[in-house]
Amino acid sequence: MSSKDERMVLPDVLPLIPLRDLILFPDLVVPLFVGRERSINALEEAMRSEHLVALVTQKTAETQDPQPGDVYEIGCVVTVLQELKLPDGTAKALVEGKQRIRIKEFVSVDPYLQVRVEYYEDDEKADVEAQALMRNLVGDFEQASELGKPIPQEVLVAATAIEEPGRLADFVTFHLSLKVDEKQQILEAIDPKVRLQKTTDFLRKELEILEIGSKIQNRVKESMSKTQREYFLREQLKAIQQELGVYDESQAEVEEYREKIRLAGMPESVEEKALKELSRLEKMPQAAAETSVIRTYIDWLAGLPWQTEDEEKLDLIEAEAVLEEDHYGLEKVKERVLEYLAVHKLTDHMRGPILCFVGPPGVGKTSIGRSIARSLNRKFIRMSLGGVRDEAEIRGHRRTYVGALPGRIIQSVNQVGTKNPVFMMDEIDKVGMDFRGDPTSALLEVLDPEQNNAFQDHYLEAPFDLSNVMFITTANLLDPIPPALRDRMEVIHFPGYTEDEKLEIAKKYLVPKQVKEHGLTSGRLEIQDSALHEIIRRYTREAGVRNLERTIATICRQIARKVVEGKKGKTIVSGRTAHKYLGPPKFSFGLAEKRDEVGVATGLVWTEVGGDVIFIEATTMTGKGALMLTGQLGEVMRESAQAAVSYIRTNAAALGIDPEFNEKLDLHIHVPAAAIPKDGPSAGITMATALVSVLTGRSVRRDIAMTGEITLRGKVLPIGGLKEKLLAAHRAGIKTVLVPKENLRDLDLVPEHVRSEMQIVPLDSMDEVLRRALVEVDSKADKKNKKK
Ligand code: ADP
């Protein structure tokens, strides 16, 4: 505080330092950086004398070299408390404001500014008006702090303690964020009351701004959604609990779950359900047995891909390229698949029939499914329905069951992790049905695009949207598929491969794949065509290529072992050396080599592993006309055998059979490969032929295979699966096949070279069949027969 004595010694002329962007008030201590040469000179001059400097602010901060007209008239005289010279020639000074001054005139400009000044002194007494003004100002200052202005507590306390009106105004002004010219206005207000008034005005303005700011903030807070706020508060609570050391593990777990649920992207109703379960968990004692049930449940809910999906790209050209790249042949199949995808592209959704691939094992059904997924950029998942007998396997068990889990559909979707995979359901023809319930209705719901957008799993108790899933089903046979399901599906037949196709597939796909999978190279192992032929003919008998692939793998495994054991160079496997790796052949090729026999006829069947060649045996025993059938024959096949017997009894005389045979003999028909269930009417003519053969003693030509249904009048009716059967006959090296005349139209489906290498004889009566299939009367056998 300037006292009268001090004023006495204050000099008239002072060195001057112009300030940029800063106004200094009396009684305040501030650090000052001095950089300009003339200012440093002025500072030095002050240090040489009484440490006093006039500080006056520049009108514009940018002026580099201020002249007399560039600074304000009113400023502040300060005492330099400390001076510190910095190595770069500039200086730092700590100064304390003393009194307001007014520049009367500039005494000199160089080497520093020097001014003659007039001093002002504040009236220290505060009258009532001043006191009122002061109280207002302090009140406003406090309010500003409450509204969020960052004013340190000690500054507020200091403000309350100030008694001099002018000084209070200066103090408050210094702490406000005012512009330089506004602060200068306060500095220039010499009368303390005017100064207080002005400061109050500025402060009020600032208060208004602060108020608006806080209003905006409040509004923002209100618009924060309820869940966000809850989240925010919980985070705070967590932090507080952690700080207090009362944060426990179970709480942490609950929080973790809450976060998981929040991020899972569930529909609102499901999220609500999950949160409800969570609050149950929260209230339960840790050790309660049910907590683990609830945990598992929430894990399931939160883990499902409610929102996650792969971005689909569908470019038909590319899809075609992918299908071609992965598969040899299968032209018709590829065409149908591409048509299906084209429709999907045009309609942009998964409505419409579900694809159903029907064919024997190993013909590429799964593999085409995989390629579809790849060409659509979707994930691929398979699930087998074989042996599923219980609806709960599809839909899950209710949570009240001990160890309940979601059904296989939800499990698969969870496993694949996206909501739009290509989902292959295998063996839809093997879905069982028994006292535990019928899974078909659940499957219907899954596969129905009208219903599957809210698929109900018993365990989840919440609808899950399956409408983006692309379902494909597979089956070995079409007939066993429940009709309701069949209606919904677009069936694509996979017929099985011919020998040549198998060879191509092996050369182009299977061998390179297995060689690579076994860590070998073509420089290490060569499997020659002759070896592949040998494998196809003598080591496998199948419609597909699964065993072929497995057999190739067997060879690769052995070579891999030899390489590891140190074998150098390349191993060549040929037709002649194949047995070294594979043991003796498992099948004999070329059935024509076998002898003709009495009572054995060559038939063609169509089972779930594709077409096959079978030898139906018939024999007679002394008895009373009983008919025995063995070999796991289905109902239809048994009836077909009855029909064959009735036909023979009716036509016995014409066939050269004792019309009374039925009184003296029992008949037995056996269809070998007894472990494989067989059904269908197509073995009718074969059974009849075997019976006639045994009853007449005429042997049957082994190299003729036949297929066809028989009527009581000896008509030959058409059958299904002709293509598969002919392929099987071709594989077995059969040269002549007797087929129902009405099946001729199906011949177009059979590959050209198969047709050209076999004689396919269309027939429509049993007489013709017998004429072709039975060899001329063998007198020896005839006699033997008659003896019975
Ligand atoms: P399915 O599902 O019909 O039982 P897979 O798709 O599993 O048969 O096929 C068995 C193996 O044969 C797979 O390794 C597959 O890649 C291969 N394969 C089948 N058909 C072809 C084909 N036309 N071209 C190339 N590889 C094939």
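Give region 475-488 a look and list any residue that's open to solvent by less than 10 Å² (accessible area, probe 1.4 Å) and either in contact with a strand residue (DSSP E or B) (Cβ under 6 Å, 6 or more places away or on another chain) or touching a residue at least 60 places away in the same chain (Cβ under 8 Å) (or both), or say none.
Scanning region 475-488 gives ALA475, ILE481.
Comparison of GLY566, GLY575, GLY544 shows that the only residue that is more than 16 Å from the ligand (Cβ to nearest atom), in contact (Cβ under 8 Å) with a residue 12 or more places away in the chain and either among the basic types (Lys, Arg) or in a loop (DSSP other than H, G, I, E, B) (or both) is GLY575. Only helices (runs of 4 or more DSSP H) whose full extent lies in region 226-323 are considered here, and the ones with at least 2 residues that are at pLDDT 80 or above are 249-263, 268-283, 290-303.
Return yes or no: is GLY396 more than 14 Å from the ligand (Cβ to nearest atom), surrounded by fewer than 16 Cβ atoms within 10 Å (Cβ to Cβ) and closer than 20 Å to GLY432 by Cβ?
no
I'm told HIS458 meets every condition in (1) in contact with a Phe, Trp or Tyr (Cβ under 7 Å, 6 or more places away or on another chain); (2) farther than 30 Å from TYR539 by Cα; (3) at pLDDT 90 or above except one. Can you identify the failing condition by its number? Condition not satisfied by HIS458: (1).
If you check ILE505, ILE552 for being in contact (Cβ under 8 Å) with a residue 40 or more places away in the chain, open to solvent by less than 60 Å² (accessible area, probe 1.4 Å), within 16 Å of the ligand (Cβ to nearest atom) and under 30 Å from MET470 (Cβ atoms), only one passes: ILE505.
Among the residues of this structure, GLY362 does not count as one that is farther than 23 Å from LEU323 by Cα, assigned to a loop (DSSP other than H, G, I, E, B) and either of a type outside the set (Phe, Trp, Tyr) or within 15 Å of the ligand (Cβ to nearest atom) (or both).
Each residue in region 451-473 was checked for being of a type outside the set (Phe, Trp, Tyr), part of a loop (DSSP other than H, G, I, E, B) and more than 18 Å from the chain's Cα centre (by Cα), and 6 of them qualify.
Of the residues making up region 489-498, just one is more than 14 Å from the ligand (Cβ to nearest atom) and surrounded by 17 or more Cβ atoms within 10 Å (Cβ to Cβ), namely MET489.
Among the conditions (1) among the polar types (S, T, N, Q); (2) open to solvent by less than 50 Å² (accessible area, probe 1.4 Å); (3) on the phi > 0 side of the Ramachandran plot, SER371 misses just one, which is (3).
I'd like the residue in region 510-531 that is away from the ligand (no atom under 14 Å from the Cβ) and assigned to a helix (DSSP H, G or I) and, out of all such residues, is least open to solvent (accessible area, probe 1.4 Å). Ranking the candidates gives ALA531 first.
Applying the criterion of at least 1 residues that are open to solvent by 50 Å² or more (accessible area, probe 1.4 Å), basic (Lys, Arg) and within 19 Å of LYS183 (Cα to Cα) to the strands (runs of 3 or more DSSP E) found wholly in region 21-137 leaves 91-108.
Each residue in region 161-181 was checked for being more than 60 Å from the chain's Cα centre (by Cα) and open to solvent by 30 Å² or more (accessible area, probe 1.4 Å), and 8 pass. Checking each residue in region 182-196 for being within 14 Å of ASP127 (Cβ to Cβ) and open to solvent by 10 Å² or more (accessible area, probe 1.4 Å) picks out ASP191, PRO192, LYS193, VAL194.
The values are calculated or read from the model by the stated rules, or taken from the named source; none is laboratory data. In this text, all values refer to a predicted model and were calculated from it rather than measured experimentally. Methodologically, a virtual Cβ is constructed for each residue, glycine included, from the backbone with ideal geometry; neighbour enumeration extends over all protein chains shown. In case anyone asks, the SASA skips ligands and DNA or RNA and just uses the protein heavy atoms, side chains included. Shrake-Rupley method; radii C 1.70, N 1.55, O 1.52, S 1.80 Å.
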